[in-house]
Amino acid sequence: MKKLAVLAVFVVALSAAALVAADRARSLDSGDTTSPVGAVSLPTHVTSTSVVVTVRVADPQSGVVDLRLSNDGRTWGPWVAFPSPAPGGSIDLPWTLSPGLGLKTVTVEARNGAGLLADFRAVTVLLPASD
């Protein structure tokens, strides 16, 4: 019975992967040549490296598929699935800023169903925690 359960899970995972690949192929065939549009925001000032990044992105042709975040624009966090359409038009993502006080820039890279990318940046200032 255990082998049957493992086989069932494998078949479901394989089917899901095939559906994602088929959706991606349809998006590529759609002729989408426009990258996602939108903006991201952070609080103006924070006293902790733990922040919430508010992301408002959209892509009317093939939809926003996923996004990832970076503190330096070169080293990226993992791709995160983007609910399309996003509830209320935006989503909030927890993020950890780089250590050290001062100006911080967070870059969000969004990818649409055609594989096109767009970057959005937001800045905040990390201040010392008040006692």
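Values in this text are rule-based calculations from the coordinates and carry no lab data. Note that the coordinates shown come from a computational prediction; the quantities given were computed from them, not determined experimentally. Cβ atoms come from the backbone with ideal geometry, glycine included; neighbour counts cover every protein chain shown.
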Confirm whether residue 120 is surrounded by 17 or more Cβ atoms within 10 Å (Cβ to Cβ) and without any contact (Cβ under 8 Å) to a residue 40 or more places away in the chain. no
Checking the structure you have, find out if any residue of the range 75-91 is in contact (Cβ under 8 Å) with a residue 24 or more places away in the chain and more than 30 Å from residue 31 (Cβ to Cβ). no
Give just the number: which of (1) touching a residue at least 60 places away in the same chain (Cβ under 8 Å); (2) surrounded by 15 or more Cβ atoms within 10 Å (Cβ to Cβ); (3) closer than 30 Å to residue 130 by Cα does residue 35 not satisfy? (3)
